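To keep things clear, I will list the structure first and then write my remarks on it.
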Amino acid sequence: EPDQVKVLKEHIVIFEKALAAATTAGDVDEKELLFALEELEFHASDVDMARDFHTLGGWPLLVSILSSGSASPEAIQSYQFSDEVRAHAAWAIGTAVKNTGEFFPWAVEPVKMQADIPASAHDVLRWTKTTTALSALLDIFGEWNGQNDHNAVTNSTGYTKNKGGISRKLQQKILYATGSLLRGNGLAQEHFIALGGPLLIANVLQTCLSDKDWKVSSKVVLLAHDLITESIVENNLGSHDSRKLIAEAFTTKIWCDGAVGLLEASDIRLKEKSLFALETMTSYCIRDELWRDKARKSIELLRRQWKSTNVDEDYDQEWFAELQTLSDVVHAQLF
């Protein structure tokens, strides 16, 4: 068999071993697992290798590793993979599906997870759960917000999971993976809306803005911008109704406030991202009079600040002129 298939089979054996250990409270060699996930992410950018990995049955294992922290409350697993491991799993998932139409269905492909839970000295309960890559990612957004009811629970080993909060790296990688699964993927977008994804991520955006975490906020806002833009431009993406739903789901009050809130970032590149998003979102957000006033004031303040900016010293002139034009366009939309 070709070398690449051999390599993928080796990764799959490591994933199976880790999952088997995790569901039976065994010891997981996270170092070995991380190494295999890193290698897989590298290989997954090659379309043929991503396809082979899926054909060999690796996809459900990858989704199960990602989903490991979000088991059901009844079946609190005796082991949760670290944020580092889950970040690498999300990264590999995003890279495998990204920009490859043939692989778009993987985002919503049902994955059955199961574990045997000791109920008593003699009895074992078989716990099962069906999830998808997208659903597993959304569970982690809930965890980021401390919204999963089963977050602060002490499991059989007496280890208490913290309520809310996930590592920076896991935040970045689930955003990357979610964007990779959703962009251009009408099927995944419909599933995402059915799962309540826009609200879950809007809550994360609110948290990031109140923490003045501008960098992550800008990534979240740009994802909304990209999906709304697609829903307007790409007629072949899902039905007309589902495209309309996307535009509406990403222009609720939280999203509209978030796009304006990002203007407060001191970094001018992030202000630019806010303006991109506002250019797309304003025609939807403008229904709210209070929002319209707030947005107008924010843009006017920005333009006054820019009048006193010494362009030659600070920025490329042509780029800055384009940015000012963009702010004019957004401002004009607000009347």
Rounded to 0.05, the calculated FRET efficiency for the beta carbons of R126 and E248 at R₀ = 35 Å is 0.30
Average accessible surface area per residue within the stretch 187-320, 1.4 Å rolling probe, Å²: 50
Please flag any cysteine in the chain that has no other cysteine's Cβ under 4.7 angstrom from its own Cβ. C208
How large, in percent, is the carbon and sulfur part of the accessible surface of the chain at a probe radius of 1.4 Å? 52
Considering the Cα trace of the stretch 203-335, what is its radius of gyration and what is Dmax, both in angstroms? 15.0, 49
What is the chain by shape, rounded, prolate or oblate, if you read a ≥ b ≥ c off the alpha carbon gyration tensor as root eigenvalues and call it rounded for a/c under 1.5, prolate for a/b larger than b/c, and oblate otherwise? prolate
By how many degrees, 0 to 90 and rounded to 10, does the Cα axis of helix 240-249 deviate from the longest principal axis of the chain? 80
Hey, how many Å between the Cα centroid of the stretch 89-103 and the Cα centroid of the stretch 1-61? 15
Helix 168-182: inclination vs the chain longest Cα principal axis, degrees, rounded to 10, gives 80
To the nearest 10 square angstrom, what accessible area does H88 show with a 1.4 Å probe? 0
Can you tell me the dipole magnitude for the chain around its Cα centre, using point charges on the Cβ only (Lys, Arg +1; Asp, Glu -1), in Debye to the nearest 20? 940
Rolling a 1.4 angstrom probe over the protein chains, ignoring ligands and nucleic acids, what is the accessible area of R269 in square angstrom, nearest 10? 130
Can you compute the helix-only [θ] at 222 nm over the chain? Use -39500 (n - 2.57) per DSSP H run of at least 4 residues, normalise by all residues, nearest 500 deg cm²/dmol. -20500 deg cm²/dmol
Compare the Cα positions of L290, H54, W306 along the charge dipole of the chain (+1 at Cβ of Lys, Arg; -1 at Cβ of Asp, Glu; about the Cα centre) and return the one farthest towards the positive end. L290
Using only Cα atoms and rounding to the nearest 10 degrees, what angle (0 to 90) does helix 197-210 make with the longest principal axis of the chain? 60
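The values are calculated or read from the model by the stated rules, or taken from the named source; none is laboratory data. Predicted model, so just to flag it, every value in this text is computed and none were measured. Don't worry about glycine lacking a Cβ; one is built from the backbone with ideal geometry, like all the others, and counts go over all protein chains shown. Surface areas here come from the heavy atoms of the whole protein model, side chains and all, with no ligands, DNA or RNA. Shrake-Rupley method; radii C 1.70, N 1.55, O 1.52, S 1.80 Å.
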